[in-house]
Amino acid sequence: MAGSPEFTTTTTKGDILTIRDACTPEEHDIFLQWSDACQWDPCPSDYAIYGQIPTNRMLLGFVQGRIVACLAVHVFENRVVFFGPYIVLNPMDRGKGYGHCMLQYMLDQFPDYDIGCDTELDRIEYYHRYGMETYYTVYCVRGDLPTPLMSQAARHLSEYQLVSATEISLDFIVNMDYEVTGFRRTDFCQKKFHDPSQSAFALCSADQKEILGLACIAPTISPGLYLISPLYAKSPRVARALALELMQRVVDQHNVTSDMNTYLNFTLYCQETNPDALDLFLNVFGWKSVGVYKRLWKGGIPTAQYPQRLYGYNNSECG
C-alpha cells in the first residue's frame with residue numbers, strides 16, 4: 001500500500017486533515033525526530049529499516065500543509081499489523097481529533113488483520129474504544145554492564161560458539177522470530193540479521209549443530225545508550241551469555257574509539273509472560289524498570305507466543 005493516494009477527512013472540530021505516506025527522507029526523519037522528542041530513545045538503524053520495507057506505511061497527517069501527526073504501520077506477511085510510533089507531538093494539536101482520524105484511517109485499511117500496539121498505561125481506555133483488548137505488560141529495563149558477572153561470562157561463553165547472524169539461514173531466523181513475536185516479517189529479518197553493518201549475532205552449541213540464541217545490539221539516538229533488540233534465547237543461561245557478550249563488545253569498541261566521558265547504558269524490553277527474562281535483567285543484572293506498557297490487540301493475538309524465549313521489541317506511541 002506504500003504510495004497510496006492522499007486521503008482527506010474532516011475532524012470533529014471542523015479541520016481538514018490530509019493523510020498520506022511519507023515520501024521524502026526528510027518526512028521519514030519525522031518519525032525518528034518526534035520519537036526522540038518524546039524521550040523514547042529511538043534506534044536510528046531500526047527506523048531506517050522500517051522505512052525501507054515496501055509493505056510498511058509511514059503515515060503523516062497534515063492540516064493546512066503543516067504536519068500534525070505521524071503513524072507508522074508495520075504490515076507483516078501473516079495478515080498481522082503492528083503500529084507505532086503514533087504521535088501527535090504538539091500539545092496544542094491534541095484533543096482536536098487528528099490522532100483519532102489517523103488511527104481510524106489505518107484501522108479501515110486493514111479490516112481483516114490482527115492489529116497490535118504497545119501503549120502507556122494512561123492510554124489503555126483510548127484504545128479500548130477502538131475494539132482493542134489488553135493482553136499483557138511489557139517492561140522497558142535499563143542498566144549498565146554488570147561487571148561482577150563478566151568473569152563468569154567468559155566461562156559460560158566458552159561452552160558455546162558465537163557467530164555472525166549472517167551465517168545463519170534466513171529461513172531459520174524468520175521462523176524463530178515468528179514463533180516468539182507472531183510476526184512473519186522476512187524483509188525485517190533480512191535487513192536486521194543479514195546486513196553486515198548490523199551488530200547481529202547467534203549463539204550456537206559448541207559443535208555448532210544447534211542454534212541456541214539470536215540477538216542484535218544498536219545505538220539509540222541518546223549518547224551512550226544501546227538497545228538490545230531482538231534477543232531470543234532457548235534458556236536464561238544462553239540469554240545471559242549472549243547479552244553479556246554483546247554489551248562487552250560495545251564497551252571494548254567504546255574504549256577504543258569514543259569519548260571516555262560518555263557513560264554507557266543498555267536497554268531492552270521484556271514481557272510479563274516471561275518471568276525468567278525479568279528475573280535475569282532485574283535481579284541478576286541489577287537493572288531497573290524505566291517504563292511500563294501494555295500490549296493490546298484487535299482481532300486477537302496472532303500466535304501463542306513462547307515464554308521460554310526472551311523477547312525485546314522497541315515501539316512507542318503518544319498523542
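Coordinate-derived values only; no laboratory data. Predicted, not measured: the structure shown is a model, and the values here were computed from it. Neighbour counts are summed over all protein chains in view; Cβ atoms, including those assigned to glycine, are modelled from backbone coordinates with ideal geometry.
A straight line joining the Cα centroids of the range 85-159 and the range 168-225 runs 20 Å.
For the chain, with only Lys/Arg (+1) and Asp/Glu (-1) charged at the beta-carbon, what is the dipole magnitude about the Cα centre, in debye rounded to 20?
Values: 25 positive and 36 negative charges, 78 e Å.
Here the chain has a charge dipole of around 380 debye.
Of the residues 23, 5, 102, the one whose Cα sits farthest toward the positive end of the charge dipole of the chain, with +1 on the Cβ of Lys and Arg and -1 on the Cβ of Asp and Glu, is 102. In the neighborhood of residue 198, defined by Cβ-to-Cβ distances under 12 Å, what is the net charge if each Lys or Arg adds +1 and each Asp or Glu adds -1? Spelling it out: positives minus negatives among the neighbours equals 0.
For the chain, the longest principal axis of the C-alpha atoms and the axis of helix 98-109 are separated by about 80°. Taking the empirical scaling 2.2 N^0.38 Å for compact globular proteins as reference, the range 139-298 has a Cα radius of gyration ratio of 1.02. Its residue count N sets the reference 2.2 N^0.38 Å, and the alpha-carbon radius of gyration of the chain equals 1.01 times that reference. What's log10 of I(q)/I(0) for the range 1-143 at q = 0.20, 0.21, 0.22 Å⁻¹, Debye sum over Cα points only, no solvent? These q points yield log10 I(q)/I(0) values of -1.47, -1.62, -1.75. Rounded to the nearest 20 debye, the dipole magnitude of the range 139-298 is 460 debye, with +1 charges on Lys and Arg beta carbons, -1 on Asp and Glu beta carbons, and the Cα centre as origin.
Each of 150, 102, 176, 92 was scored by other Cβ atoms within 10 Å of its Cβ. Listed from fewest to most, they are 92, 150, 176, 102.
Using the charge dipole of the chain (Lys, Arg: +1 at Cβ; Asp, Glu: -1 at Cβ; taken about the Cα centre), state which of 138, 163, 33 has its Cα farthest towards the positive end. Most positive-ward Cα: 138. The percentage of C-alpha pairs in the range 111-206 whose separation is greater than 19 Å is 65%.
Ignoring everything except DSSP H segments at least 4 long, calculate the 222 nm mean residue ellipticity for the chain; use -39,500 (n - 2.57) per segment, divide by total residues, nearest 500.
Using -39500 (n - 2.57) per qualifying helix, the result is -8500 deg cm²/dmol.
Using the Cβ-Cβ distance between residue 79 and residue 38 with R0 set to 30 Å, the FRET efficiency from 1/(1 + (r/R0)^6) comes to roughly 0.55. In terms of surrounding Cβ atoms within a 10 Å radius of their Cβ, 18, 119, 262 rank from fewest to most as 262, 18, 119.
Between residue 248 and residue 279, the FRET efficiency from the beta-carbon distance, with R0 = 22 Å, is close to 0.55.
Counting neighbouring Cβ atoms within 10 Å and putting the fewest first, the residues 228, 53 line up as 53, 228. Between residue 137 and residue 90, the FRET efficiency from the beta-carbon distance, with R0 = 41 Å, is close to 0.90.
With a cut-off of 17 Å on the backbone N, the residues of the range 176-214 near the modelled label site 7 Å out from residue 52 along Cα-Cβ are 185-201.
Extension gain for the segment residue 159 to residue 209, taken as residue separation times 0.36 nm less the Cα-Cα distance, is 16.7 nm to one decimal.
Between residue 147 and residue 63, the contour length at 0.36 nm per residue exceeds the Cα-Cα span by 25.1 nm.
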